[in-house]
Amino acid sequence: MSTATLPQQTPQPAEPPATGDAGVVAKLLPYLWEYRGRVLLALAFLVTAKVANLGVPLVMKAIVDGLSGPKAVLAVPVALLAAYGLLRMSSTLFNELRDVVFVKVAQRAMRRVALEVFEHMHSLSLRFHLERQTGGLTRDIERGVRGISTLLNYMVFSVLPTFFEIALVTGFLIVRFDVWFGVITVGALVLYISATFLISERRIHHRRAMNESDSKASTRAVDSLINFETVKYFGNERFEAKRYDESLSRYERAVVTSETSLGFLNTVQAAIIAVTVSLLMWRASDGIVHGSLTLGDLVMVNALLIQLYIPLNFLGVLYREIKQSLTDMEKMFRLLAVNREIEDRPGAPPLAVAGAAIRFEGVDFSYDGRRPILAGVDFEVPAGRTVAVVGSSGSGKSTLGRLLFRFYDVQAGRIAIDGQDIREVTQASVRAAIGIVPQDTVLFNDTIYYNIAYGRPGATREEVVEAAKVAHILDFIESLPDKWETTVGERGLKLSGGEKQRVSIARTLLKNPPVLIFDEATSALDSRTEKAIQAELAEISRDRTTLMIAHRLSTIVDADQILVMEGGRIVERGAFRDLLARDGKFAEMWRLQQQEEAQGDPALAGERKDA
């Protein structure tokens, strides 16, 4: 198949379209349904607390009216004072019970969503992660999970109680007093809530700008710190600080604008509350003058309004935070909706490994559909044999390993292990059968023991030590002050390139897979260590199917077959000496490396010629 006819591969979209606030809430409900009993109990405690809260002004009215007469001391029974204290206590008690009952619901929902997003991120394709920036991605997930807690707490602890109390107080004022109390209260509430929502809605985009600047600053900071050495190599500390400050400056401007608009919102709210309270107090005072209301009624109305408007003062903040929480959650849930580019087919069986023979049959592949990487690649690695792949940079060598691991699917042809198309079996079983020592070894920021044991988390300490011994790193580990508990730093930067590579080799050996891939496995090692490890690798791979991707041709002398790639095609294949005898591409590469090594180390060049 010619490269010109490669089918176009459209990259997966970074995120699916937005679903809106209702869609976010709908996605959250299943996580709450598991604890519907607790939710209902929390709501019952909420109602009880608000009813008790409403009773406080009523008892206060009775106390004030009792104290207004000539026999005040005798007229006020102790029961009223006890009832006042009991209602105060009940309001606080049921609010606390509500919090205690509901906290498990909120925390479990956060935990389940966070775990699901984490697992989904690991199930997405390599393409997705190569196209995303880790700093911004983790920030989006962090804000989304935190948004769940914010939304649930504000809805259950603030919004629902406030609106329930509004309904109670308004209804009571209309029933207990004349209709004007209700008209003034309802009209003020409508005006208050409308102004709050309108102004807060205009403030939302400032908050979005804050978040975008915050994510950008975090991404730049993480990226710069990860590449600390590169920054130092080029003396670009000031350049990095300037880029970081640009994001901080945008964040600063967004915060200033947001806080200014918040001040305006608070002023409008305070004005509406002041006018409303004045009007209601005027109506109550007028009733007292005409004898239709008592002094206790005036105190009760004032207390009811204070209880009502104190939580309303925070309505703008609640609306903004809930709206932002929905926005943050939507972004996180959109990550959950990102389709997996590589998925197991329904009912796919696990790979049945016999001898672990590998077969590439007419494989075509392109990362983006525009530039062909592999075209008509066809070769076999018999069970227990070693096949090496060489070629210039960009010839497609490392892509073979990525396709074998099924990080991507081929556009044409197929890849089979023991005759089974790897697209027809589970990904987990394919990857469990393959071990790789990559060219660029990245380690976890943990101990050496953890990084080696990561190859097989259930391995015993003796097995971990043995893997380190075979990889020729045991003596180095034992010479360290903290030995196995030595931390390797971010991405393993506290170790040399050779030490990282040997940790990677030990980790792969511990996995003990039937298929091995060495992708420039000894490229970072010195000549002495390279020879020692090559001998061990030859021994280890003797009974395993091995694919060696190599740059140094001297490391593949004993391979059963060597494939020479150029422009995504296999241009030569054969044993080491046969390829030299043909005097083709491989022989040219060999001569060039001999010349380069002779210039750097004449003794080493003679050693290579003896090979």
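The values are calculated or read from the model by the stated rules, or taken from the named source; none is laboratory data. Note that the structure is predicted; figures quoted are calculated from it, not measured. Heads up, the Cβs are rebuilt from the backbone with ideal geometry, glycines too, and the neighbour counts pull from every protein chain shown. Just so you know, the surface numbers come from the protein's heavy atoms only, side chains and all, with ligands and any DNA or RNA stripped out. Shrake-Rupley method; radii C 1.70, N 1.55, O 1.52, S 1.80 Å.
Hey, any idea what % of the range 191-274's accessible area is carbon plus sulfur with a 1.4 Å probe?
Carbon with sulfur: 60 percent of the solvent-accessible area.
Over the range 162-277, give the accessible area per residue in Å² for a 1.4 Å probe, as an integer. Present the calculation step by step, with values, prior to reporting the outcome.
On the way: 6610 Å² over 116 residues.
Roughly 57 Å² per residue, with all protein chains present.
Please report the relative contact order for the range 161-307, taking Cα pairs under 8 Å with a sequence separation of at least 6, and give it as a percent rounded to a whole number. Don't jump to the answer; show the numbers that get you there.
Working: 86 pairs, mean separation 42.2, N = 147.
For the range 161-307, the relative contact order is 29 percent.
Under 26 Å from the Cα of residue 585, which lysines turn up, not counting those fewer than eight places away in the same chain?
The qualifying lysines are 397, 531, 609.
So, with a 1.4 angstrom probe, what is the percent of accessible area on the range 440-492 that is carbon and sulfur?
Numbers: 1490 of 2890 Å².
The value for the range 440-492 is 52 percent carbon and sulfur by accessible area.
Kindly identify the range 383-514 as rounded, prolate or oblate by the Cα gyration tensor criterion: order the square roots of the eigenvalues as a ≥ b ≥ c, call it rounded if a/c is under 1.5, otherwise compare a/b with b/c, prolate if a/b is larger, else oblate.
Here the range 383-514 falls in the prolate category.
Please compute the net charge surrounding residue 36, taking Lys and Arg as +1 and Asp and Glu as -1 over other residues with Cβ under 14 Å from its Cβ. Provide the component values of the computation, followed by the final result.
Details: positive: 38, 104, 108; negative: 34.
Its environment carries a net charge of +2.
Shape of the range 264-382 from its Cα gyration tensor (a ≥ b ≥ c, root eigenvalues): rounded if a/c is under 1.5, otherwise prolate when a/b > b/c, or oblate?
In terms of gyration-tensor shape, prolate.
Quick check on the range 545-587: take the gyration tensor over C-alpha atoms, sort the square-rooted eigenvalues as a ≥ b ≥ c, and tell me if it's rounded (a/c under 1.5), prolate or oblate. Don't skip to the answer; put the middle values down first.
Details: a/c = 1.57, a/b = 1.09, b/c = 1.44.
It comes out oblate by the Cα gyration axes.
Mind checking which lysines have their C-alpha under 21 Å from residue 27, skipping anything on the same chain fewer than 8 residues away?
Filter leaves 104, 323, 331.
Quick one: which residues, 5+ away or cross-chain, put their amide H under 5 Å from the amide H of residue 439? H built at 1.01 Å from N.
Long-range HN contacts for residue 439: 519.
Starting from the Cα of residue 480, step 7 Å along the direction of its Cβ; do the same at residue 212; then give the gap between the two resulting points in nm.
Inter-label distance under the simple model: 4.4 nm.
Heavy-atom accessible area per residue, the range 348-418, 1.4 Å probe: how many Å²?
Values: 2440 Å² over 71 residues.
The answer is 34 Å² per residue.
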